Amino acid sequence: MASRSLSYTQLLGLLSFILLLFTTSSTAVRVGVILHKPSAPTLPVFREAPAFRNGDQCEADKIHIAMTLDTNYLRGTMAAVLSLLQHSTCPENLSFHFLSLAHFENDLFSSIKSTFPYLNFKIYTFDPNLVRSKISKSIRQALDQPLNYARIYLADIIPTSVDRIIYLDSDLVVVDDIEKLWHVEMEGKVVAAPEYCHANFTYYFTKAFWSDPELVKVLEGKRPCYFNTGVMVVDVGKWRRGMYTQKVEEWMTVQKQKRIYHLGSLPPFLLIFAGDIKAVDHRWNQHGLGGDNFEGKCRTLHPGPISLLHWSGKGKPWLRLDSRKPCIVDHLWAPYDLYRSSRHSLEE
């Protein structure tokens, strides 16, 4: 009996050990799944914007505006959209075309719809594989993201019924009626934008470019005119017919082989369009408010009238405001910020 009793004790002990081992292993497996399960980024929450309605004098003409939807820049996009609606005489005529990556599309749609319930918009999926193998490392990581190159493919993505579109970056606010920019006379040009014809192109291109006699020929006879691609009116029909998407891609291929410029998507536009765009009043792109591409130091406004404030450069107003180290110009962006912080939630 003693030996039998001992066997039962050993058996019970062994069974307890197995149960303990199984429980521990199962827990470990469950924890492992939780730790490694991919999850979408938590999007910021925004307050609902007011409804903006057309005035009595408005006609039915649509104004098409294209922007990208980047989860890191969503707060800026919301502010930009609010500024456009707020300063528009006919806000219901604004039609937004947003480009985003597929795996964030549903969350971004819900975010925009809850913030702007009456907004006329559509989200288009941008395939990052179109450019992933063509992107070369630049001087700032943010410039190397696939969505930064989406503007190149805009004419291929939006409906063919759209023959003109305004492309806008997400780090800006408009303080004038966008309809004024929409009706610019293109004079046969593919792109219209503010331009600066005293630019020093040696800054934008490398020694490898300037030492290649074949490459340099592309700028011969052209005025050295810089323009910022964050604010452009594009004749979509002419872009398609001129196959400009392919032309930009060709320069990106040269860049991969020889590294002929430092920045991201801007230099190919300069190589193709510099000195050959429709010049728009400088008031439509008060750019550089984000400072340089390295430190993002504070900058002041240029003299003259302003219709659009653009925080191009490293410094973004929402980040500087949150860090409590804003530049003076960042306070011009703050009234358009719809971000619902924890502090706002508590106050409400």
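Shape verdict for the stretch 231-317, please, from the Cα gyration tensor: rounded (a/c under 1.5), prolate (a/b greater than b/c) or oblate. It comes out oblate by the Cα gyration axes. Accessible area per residue for the stretch 63-336 is 43 Å², calculated with a 1.4 Å probe on protein heavy atoms, without ligands, DNA or RNA.
Counting pairs of alpha carbon atoms under 8 Å apart in space and at least six apart in sequence, what relative contact order in percent does the stretch 63-336 give?
Details: 471 pairs, mean separation 59.0, N = 274.
Contact order relative to length: 22 percent.
Suppose the chain between Arg53 and Asp127 were pulled fully straight at 0.36 nm per residue; how much longer would it get relative to their current alpha carbon spacing?
23.2 nm is the gain from fully extending Arg53 to Asp127.
Take the Cα gyration tensor of the stretch 63-336, multiply each eigenvalue by 5, square-root it, and list the three semi-axes largest first, rounded to whole angstrom.
Output for the stretch 63-336: semi-axes of 28, 22, 20 Å.
Listed by chain and number, the aspartates and glutamates whose C-alpha is less than 19 Å from the C-alpha of Lys122, apart from same-chain residues fewer than 8 away, are Glu48, Asp61, Asp70, Glu92, Glu105, Asp107, Asp156, Asp163, Asp169.
When the dipole is taken about the Cα centre of the stretch 63-336, and only Lys, Arg (+1) and Asp, Glu (-1) are charged at their Cβ, what size is it in debye, to the nearest 20?
Values: 31 positive and 28 negative charges, 146 e Å.
Taking the Cα centre of the stretch 63-336 as origin, the dipole is about 700 debye.
Here is the link list: Lys258/Lys278; Lys180/Lys278; Lys278/Lys316; Lys134/Lys316; Lys247/Lys314; Lys207/Lys247. Which ones come out longer than 25 Å on Cα distance? Don't skip to the answer; put the middle values down first.
On the way: Lys258/Lys278 31 Å; Lys180/Lys278 15 Å; Lys278/Lys316 29 Å; Lys134/Lys316 27 Å; Lys247/Lys314 28 Å; Lys207/Lys247 22 Å.
Those over the limit are Lys258/Lys278; Lys278/Lys316; Lys134/Lys316; Lys247/Lys314.
Taking a straight line from the alpha carbon of Lys256, these aspartates and glutamates sit under 19 Å away, with near neighbours fewer than eight places off in the same chain left out: Asp144, Asp212, Glu214. Each residue of the stretch 168-183 is assigned a 3J(HN,Hα), and the resulting list reads 10, 6, 8, 9, 8, 9, 9, 10, 8, 6, 4, 4, 5, 6, 4, 8 Hz, derived from the Karplus form 6.51 cos²θ - 1.76 cosθ + 1.60 (θ = phi - 60°), x at Gly and Pro. As a fraction of the 1.4 Å probe accessible area of the stretch 241-348, surface on carbon and sulfur atoms comes out at 53 percent.
In this calculation the C-beta distance from Asn106 to Tyr339 is compared with R0 = 25 Å, giving a FRET efficiency of 0.75.
The values are calculated or read from the model by the stated rules, or taken from the named source; none is laboratory data. Values in this document were obtained by computation on a predicted structure and should not be read as measured data. Because the Cβ atoms are built from the backbone with ideal geometry, glycine has one as well, and the counts that use them run over all protein chains shown. Please note that ligands, DNA and RNA were not included when accessible areas were found on the heavy atoms of the full protein model with its side chains. Shrake-Rupley method; radii C 1.70, N 1.55, O 1.52, S 1.80 Å.
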